[in-house]
Structure formats: C-alpha cells, structure tokens
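The values are calculated or read from the model by the stated rules, or taken from the named source; none is laboratory data. Treat the numbers as computed from the prediction; the structure is a model and nothing was measured. Every residue, glycine among them, receives a Cβ derived from its backbone with ideal geometry; neighbour counts consider all protein chains shown.
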Amino acid sequence: MNRTEKEEIVQELTARLKETQAAFLADYRGINVEQVTEMRRELTQAGVEYRVVKNNLLKLAAKGTPAEPLQDFCSGPTALALSGADPVAPAKILSKYAKDVEPFELKAAVLDGQLLSIADITALADLPSREEMLGKMLGSLNAPVTNFVGTMAAIPRSLVQVLNAIGQSKSA
C-alpha cells in the first residue's frame with residue numbers, strides 16, 4: 001500500500017469517525033471465517049460498518065474527531081465497528097460474540113465522544129434496542145386512549161344488558 005492509498009484511507013476514516021455516533025474497537029484474533037462472516041452479516045443488517053484497520057492509520061484518522069480517545073487502544077489486531085444511528089445494536093452483537101467466541105474480545109468504545117469501558121459496553125448492550133423503546137413508548141401513549149374507548153363502549157353495552165334483563169323479566 002503506497003502513501004497515496006494510505007492518505008485516502010485516513011481521509012475516509014476521518015470522515016466516517018466524524019459522522020458516526022459510536023465507534024467500537026475489538027481484537028479479532030482467533031475468530032474463524034464462518035464466525036466473522038456471520039458477525040459481519042448481523043452488523044450490516046443493523047446498519048453498522050465493520051472493518052479491519054491498521055492501527056497507525058486509525059490513530060491518524062482519529063485525531064480531531066470524537067473517536068480520539070480510542071487512540072490509546074490501537075494495538076494488536078484491531079477491528080472497527082461504526083454505528084450512525086443506534087449504538088445499542090452493535091454493542092449487543094459485539095458483546096454476544098465476545099461472550100461466545102473465546103479469543104474475540106472488545107477493547108473499548110466511544111459514544112458521542114465519551115470513552116466507554118468494557119463494563120459500559122456491556123451495560124449498553126443490556127439496554128433495549130431503539131425499536132423496542134419506541135414500541136414501549138407508543139404502547140404507553142396508546143394505553144389511555146384505548147382505556148377511554150373501552151370505558152365509553154362499556155356505557156352503551158351496560159345499557160343494552162339492563163334493557164335485555166328488563167325485557168326477559170317482563171316476558172317471564
């Protein structure tokens with residue numbers, strides 16, 4: 001790889017690091033091709049970019065971006081996962097693989113410029129996803145309306161039941 005290619009990679013990484021909400025670093029040693037392919041598929045479906053990067057290029061690209069605290073963790077084989085919208089999805093997927101695949105391990109992460117430890121990443125992975133939280137919120141917003149409609153429907157239903165009972169008692 002010549003200098004021009006390296007400069008292009010650094011510029012591309014810098015742009016991606018500036019626009020992403022969360023960046024995760026992992027040591028990918030020991031993970032086999034099938035496992036990494038499956039992990040990439042899950043990450044891609046979640047809208048996460050996953051790539052293996054050279055440490056020196058990542059250090060250069062991280063300067064002046066919210067991912068600058070990750071420079072201290074750029075040693076050994078490094079994989080980078082970038083998430084733009086939902087930081088919980090990559091945390092869940094990467095934490096799952098860190099538990100299931102013995103040599104694969106998370107190094108650190110940055111969320112909105114704040115460095116996250118492994119414990120913080122695990123706590124983030126335990127949160128419900130964005131879709132789950134939106135569903136719960138919509139359910140909470142919908143509950144009073146549903147209860148009100150049920151209450152309003154109960155009044156005519158009760159009236160019909162009383163009239164029906166009166167009609168049955170008079171016919172008997």
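Against the conditions (1) assigned to a helix (DSSP H, G or I); (2) within 28 Å of Arg130 (Cα to Cα); (3) out of contact with any helix residue (DSSP H, G or I) (no Cβ under 8 Å at 6 or more places or on another chain), Glu8 satisfies every one except (2). Taken together, the residues in the range 11-59 that are closer than 24 Å to Ser129 by Cβ, in a helix (DSSP H, G or I) and among the aliphatic types (A, V, I, L, M) amount to 4. Of the residues making up the range 101-114, those that are under 20 Å from Glu68 (Cα atoms) and assigned to a loop (DSSP other than H, G, I, E, B) are Asp112, Gly113.
Conditions (1) exposed (fewer than 12 other Cβ atoms within 10 Å of the Cβ); (2) within 19 Å of Cys74 (Cα to Cα); (3) polar (S, T, N, Q); (4) out of contact with any Lys or Arg (no Cβ under 9 Å at 6 or more places or on another chain), marked per residue:
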{"site": "Met1", "(1), (2), (3), (4)": "yes, no, no, no"}
{"site": "Glu7", "(1), (2), (3), (4)": "no, yes, no, yes"}
{"site": "Glu12", "(1), (2), (3), (4)": "no, yes, no, yes"}
{"site": "Ala15", "(1), (2), (3), (4)": "no, yes, no, yes"}
{"site": "Thr20", "(1), (2), (3), (4)": "no, yes, yes, yes"}
{"site": "Leu25", "(1), (2), (3), (4)": "no, yes, no, no"}
{"site": "Ile31", "(1), (2), (3), (4)": "no, yes, no, yes"}
{"site": "Thr37", "(1), (2), (3), (4)": "yes, no, yes, yes"}
{"site": "Thr44", "(1), (2), (3), (4)": "yes, no, yes, yes"}
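You will find that of Pro128, Pro69, Pro103, the residue that is in contact with a strand residue (DSSP E or B) (Cβ under 7 Å, 6 or more places away or on another chain) and touching a residue at least 12 places away in the same chain (Cβ under 8 Å) is Pro69 and no other.
Quick one: how many residues across the range 45-67 are modelled with pLDDT under 90 and of a type in the set (Ser, Thr, Tyr)? Number satisfying all stated conditions: 1. Restricting attention to the range 115-149, the residues being part of a helix (DSSP H, G or I), among the small types (Gly, Ala, Ser) and surrounded by 10 or more Cβ atoms within 10 Å (Cβ to Cβ) number 5. Here Val101 fits the description: under 26 Å from Glu132 (Cβ atoms), in contact with a Gly (Cβ under 9 Å, 6 or more places away or on another chain), at pLDDT below 85 and surrounded by 13 or more Cβ atoms within 10 Å (Cβ to Cβ).
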